[in-house]
1. Select, from Arg94, Arg90, the only residue that is within 12 Å of the chain's Cα centre (by Cα) and not in a helix (DSSP H, G or I).
2. Please work out which residue is farthest from Asp118 (Cα to Cα), limiting yourself to region 54-71 and to residues that are β-branched (Val, Ile, Thr) and within 9 Å of the chain's Cα centre (by Cα).
3. Filter region 97-125 down to the residues that are among the hydroxyl-bearing types (Ser, Thr, Tyr) and outside any loop (DSSP other than H, G, I, E, B) and list them by number.
4. Inside region 58-77, can you point out the residues that are at pLDDT below 95 and either part of a helix (DSSP H, G or I) or out of contact with any Leu (no Cβ under 8 Å at 6 or more places or on another chain) (or both)?
5. Quick check on my filter: what residues within region 43-62 are touching a residue at least 40 places away in the same chain (Cβ under 8 Å) and either surrounded by 13 or more Cβ atoms within 10 Å (Cβ to Cβ) or among the aliphatic types (A, V, I, L, M) (or both)?
6. Among the residues of region 63-96, write down those that are of a type in the set (Asp, Glu) and touching a residue at least 40 places away in the same chain (Cβ under 8 Å).
7. Confirm whether Ile51 is within 19 Å of Ile112 (Cβ to Cβ), of a type in the set (Val, Ile, Thr) and at pLDDT 90 or above.
8. Would you please name the residue that is surrounded by the fewest Cβ atoms within 10 Å (Cβ to Cβ), looking only at residues in region 78-125 that are at pLDDT 90 or above and charged (D, E, K, R)?
Amino acid sequence: MFGPKARAATGGATRGMDPPPIAAIAVAQGIKASKGYSMTDYLDTPQGRRIAYNRTAGEGVGIVFLGGFRSDMQGTKAVALEAWAREQGRPFLRFDYSGHGESSGTFEEGAIGDWLADAKAAISALTEGPQVLVGSSMGAGSRF
């Protein structure tokens, strides 16, 4: 199911059918995850928040990374997944929820419902067609 490089990067543990961590796959395949991989732009939401995002063009089904609680789009997982998507020629989107990273507001002003609205606004405005949502922590628990 997973190649020998991916198994080696995770110490051979693939936990049954679970894939190895995306960062381990990127390292195993020699993908360099460097900050500043794509340019940051901003989306003004209907709620008046300014959401920072990085978007990579590509073909086919897109990938959206939904970050975790108090995480930002410059994290290792987000950047490694973007590098993988770029190598595969896939469209990719990562963004900061309001009060996180480069987006407007402070963390203390936000709530889970606000961050869900941020995600919906970013996905609606910045992607086209089918998307695979990849979440970490809070981002994995988002319900659309």
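1. On the way: Arg90 fails: within 12 Å of the chain's Cα centre (by Cα).
Checking each option against the conditions leaves just Arg94.
2. So in region 54-71, the residues β-branched (Val, Ile, Thr) come out as 56, 61, 63-64.
In the following step, the residues that additionally are within 9 Å of the chain's Cα centre (by Cα) were identified as 63-64.
Details: Ile63: 17, Val64: 13 Å.
Looking at the filtered set, the residue picked out is Ile63.
3. Initial filter on region 97-125 (among the hydroxyl-bearing types (Ser, Thr, Tyr)): 97-98, 103-104, 106, 124.
Within region 97-125, Ser124 is the sole residue that qualifies.
4. Quick first cut of region 58-77, residues at pLDDT below 95 only: 65-77.
Matches in region 58-77: Gly67, Gly68, Phe69, Arg70, Ser71, Asp72, Met73, Gln74, Gly75, Thr76, Lys77.
5. Of region 43-62, the ones touching a residue at least 40 places away in the same chain (Cβ under 8 Å) are 43, 45-47, 49-55, 61-62.
Those that are touching a residue at least 40 places away in the same chain (Cβ under 8 Å) and either surrounded by 13 or more Cβ atoms within 10 Å (Cβ to Cβ) or among the aliphatic types (A, V, I, L, M) (or both): Leu43, Thr45, Arg49, Arg50, Ile51, Ala52, Tyr53, Asn54, Arg55, Val61, Gly62.
6. Let us first name the residues in region 63-96 that are of a type in the set (Asp, Glu), namely 72, 82, 87, 96.
Those that are of a type in the set (Asp, Glu) and touching a residue at least 40 places away in the same chain (Cβ under 8 Å): Glu82, Glu87, Asp96.
7. On the way: within 19 Å of Ile112 (Cβ to Cβ): yes; of a type in the set (Val, Ile, Thr): yes; at pLDDT 90 or above: yes.
For Ile51, the condition - within 19 Å of Ile112 (Cβ to Cβ), of a type in the set (Val, Ile, Thr) and at pLDDT 90 or above - is met.
8. Checking each candidate, the answer is Glu87.
The values are calculated or read from the model by the stated rules, or taken from the named source; none is laboratory data. Quantities reported herein were computed from a predicted structural model and do not represent experimental measurements. Because the Cβ atoms are built from the backbone with ideal geometry, glycine has one as well, and the counts that use them run over all protein chains shown.
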